[in-house]
Amino acid sequence: MNRKSLFIISSAVYITSNPLSYTATRSAFNDDERARQTLKTIQSIKTSMPEAQILLIEMGLKKDLPYDIEKMADKYLYLGNKRMIREAADGPFKGFGEALGLYLANRAIQSFEADYFYKLSGRYYLNEHFNENEWTADGYTGRDYYGGLFTVLYGFPKRLYSNWRDSLKTSFPVLKQGESLEIIQPTTMEKPLYYKDQIGVSGWESHSGSFISL
């Protein structure tokens, strides 16, 4: 496809052990396992879409990452030293930390020339079913999540960037009350949402350690 794509990766490699609102186990994986999973995230993009640009947004406790992970991205943005990020990312509502980090990354995102944006959660990776040619709708594309949007991987064209940022900001008050990002953010996304049965992403749920492939 003749378009410039940017993968926006939201990441937290080194994390607190504070419990989440729905489980005492914040992560079933140790720091090294989380780092290797994040490495796989970036490697999968380079395999599936070699020409794509990559922005890695790190919101964890440490700026310096093992395995030279940050050097594999076209740009690395560390937000974990911001107090508001620490309060959100270390709190019981994980979705709020992610949404806030994505919103604050505006300048870094805007530094890229991109026609299409993919948002991908760190530690998840593109699998053999990911096909760039299937992400062509002029709207948000992803997988249905109980009438919302599965936020591990979704995509949208450049014209929706402002709407995307607005959808993040509008979600903050409700996310701080414990509501799901997958349900809340799509309520202010431009409709329709284009759902795919298979989006081509795999990875491990942090709290349960369960492997999923969609």
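The values are calculated or read from the model by the stated rules, or taken from the named source; none is laboratory data. If you're wondering where the values come from, they're calculated on a predicted model, not measured in any experiment. Backbone-built Cβ (ideal geometry, glycine too); neighbour counts: all protein chains shown. Accessible surface areas use protein heavy atoms only, side chains included; no ligands, DNA or RNA. Shrake-Rupley method; radii C 1.70, N 1.55, O 1.52, S 1.80 Å.
Exposed loop sites, defined as chymotrypsin sites (Phe, Trp or Tyr not before Pro) outside DSSP H, G, I, E and B with at most 13 other Cβ atoms within 10 Å, are absent from the longest region of the chain, namely 23-145.
Determine the dipole magnitude for the stretch 1-78: charges of +1 sit on the beta-carbon of Lys and Arg, -1 on that of Asp and Glu, nothing else is charged, the reference point is the Cα centre, and the result goes in debye to the nearest 20.
200
Here Cα extents along the principal axes in Å was calculated from the structure, and among (1) 43, 37, 33; (2) 47, 36, 28; (3) 52, 45, 35 it sits at label (1).
Of the accessible area of the chain, computed with a 1.4 Å probe over protein heavy atoms only, carbon and sulfur atoms account for 46 percent.
Between Y145 and F150, the built amide H atoms are under 5 Å apart, and every one of these is 5 or more places off in sequence or on another chain.
Taking the stretch 184-214 and a reference point 7 angstrom along Cα→Cβ of T23, the backbone N atoms nearer than 15 Å belong to 203-213. Farthest towards the positive end of the charge dipole of the chain, among the residues L181, V201, P50, is the Cα of L181, using unit charges on the Cβ of Lys, Arg, Asp and Glu. Within the shell defined by Cβ-Cβ distances under 12 Å, the residues around F7 carry a net charge of +1, with Lys and Arg each +1 and Asp and Glu each -1.
Give me the percent of DSSP beta bridges within the chain that run antiparallel, rounded to the nearest 5.
Numbers: 13 of 31 bridges.
If I count the DSSP bridges inside the chain, around 40 percent turn out antiparallel.
Projecting the Cα atoms of Y14, L61, T25 onto the charge dipole of the chain (Cβ charges, centred on the Cα centre) puts L61 farthest toward the positive pole. Net charge in the neighbourhood of R26 (other residues with Cβ under 15 Å of its Cβ; Lys, Arg +1, Asp, Glu -1) is -1. Rounded to the nearest 20, the Cβ-based charge dipole of the chain about its Cα centre (Lys and Arg +1, Asp and Glu -1) stands at 520 debye. Taking amide hydrogens as placed 1.01 Å from N in the peptide plane, the amide H of T25 sits under 5 Å from those of L20, each at least 5 positions away in sequence or on another chain.
Helical runs (DSSP H, four residues minimum) scored at -39500 (n - 2.57) apiece and divided by the length of the chain put the mean residue ellipticity at 222 nm at -8500 deg cm²/dmol. Normalised by the number of residues in the chain, the mean separation of alpha-carbon contacts (under 8 Å, six or more apart) gives a relative contact order of 25 percent.
The residues neighbouring T151, those whose beta-carbon lies less than 9 Å from its own, together hold a net charge of -1 under the Lys/Arg +1, Asp/Glu -1 convention.
Among the GluC sites (Glu not before Pro) in the stretch 1-63, which ones are in a DSSP loop with at most 10 other Cβ atoms within 10 Å of the Cβ? Mind listing them? Display every interim value, and only then the final one.
Numbers: sites: E33, E51, E58; in loops: E51.
Qualifying residues, ordered by number: E51.
Here's the list of aspartates and glutamates a cross-link from K63 could span, going by alpha-carbon distance under 20 Å and ignoring same-chain residues fewer than 8 apart: D31, D32, E33, D74, E87, D90, E98.
For the stretch 122-139, 3J(HN,Hα) computed residue by residue from phi via the Karplus equation (6.51, -1.76, 1.60; θ = phi - 60°) reads x, 6, 9, 9, 6, 9, 5, 8, 6, 9, 3, 5, 8, 9, 10, 5, 8, x Hz, glycine and proline entered as x. Residues in the stretch 64-77 carry Karplus couplings, in order, of 7, 10, x, 6, 6, 4, 5, 6, 7, 8, 5, 8, 10, 10 Hz; the curve used is 6.51 cos²θ - 1.76 cosθ + 1.60 with θ = phi - 60°, and Gly or Pro positions show x. Pairs K4/K176; K40/K119; K4/K62; K119/K169; K71/K119; K4/K191: which exceed 27 Å Cα-Cα? Those over the limit are K4/K176; K4/K62.
Each residue was assigned an accessible area with a 1.4 Å probe, and for D197 the value is about 140 Å².
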